[in-house]
Amino acid sequence: QVQLVESGGGLVQAGGSLRLSCAASRRILGNVAMGWYRQAPGKQRELVVVISGGSTNYADSVKGRFTISRDYAKNTMYLQMNSLKPEDTAVYFCNYQIGSYAYWGQGTQVTVSS
């Protein structure tokens, strides 16, 4: 099993920055896809960014503003969010897809005020 613990969410002014962290309980190896998703009030969960097969793909709405990164030694994935907009307000979830099984973080609230 893998447990994922997210942190770094909060309230920020438009134009500000936040860095979300997703710490895994153990090293994750093998054929794995990983990324971040978000769900705004009244909307479906949407993909923010995914790393799969050596490629990184961002949603058009966050390109140039958000950056995904990994610290392999710490078993941690990050989402650096810059130039935040009110429409970025959502609950953010980290995700690892390992084989046929998906692991999800508990979600962390990001609120961007104007």
Some residue of region 101-112 being surrounded by 11 or more Cβ atoms within 10 Å (Cβ to Cβ), touching a helix residue (DSSP H, G or I) at 6+ places or on another chain (Cβ under 7 Å) and closer than 17 Å to Gly10 by Cβ: yes
Sole residue being surrounded by fewer than 19 Cβ atoms within 10 Å (Cβ to Cβ), touching a residue at least 12 places away in the same chain (Cβ under 8 Å) and among the aliphatic types (A, V, I, L, M), chosen from Leu29, Leu11: Leu11
The listed residue being modelled with pLDDT of 95 or more, open to solvent by less than 60 Å² (accessible area, probe 1.4 Å) and under 11 Å from the mean Cα position of the chain (by Cα), out of Leu47, Leu84, Leu18, Leu79: Leu79
When residues of region 50-75 are limited to those that are in a helix (DSSP H, G or I) and not hydrophobic (A, V, I, L, M, F, W, C), the one least open to solvent (accessible area, probe 1.4 Å): Lys74
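The values are calculated or read from the model by the stated rules, or taken from the named source; none is laboratory data. Here the structure is a predicted model, which means the values were calculated and not measured. Using ideal geometry, Cβ is built from the backbone for each residue, glycine included, and neighbour counts are taken over all protein chains shown. Accessible surface is based on the protein model in full, side chains and every heavy atom, while ligands, DNA and RNA are left aside. Shrake-Rupley method; radii C 1.70, N 1.55, O 1.52, S 1.80 Å.
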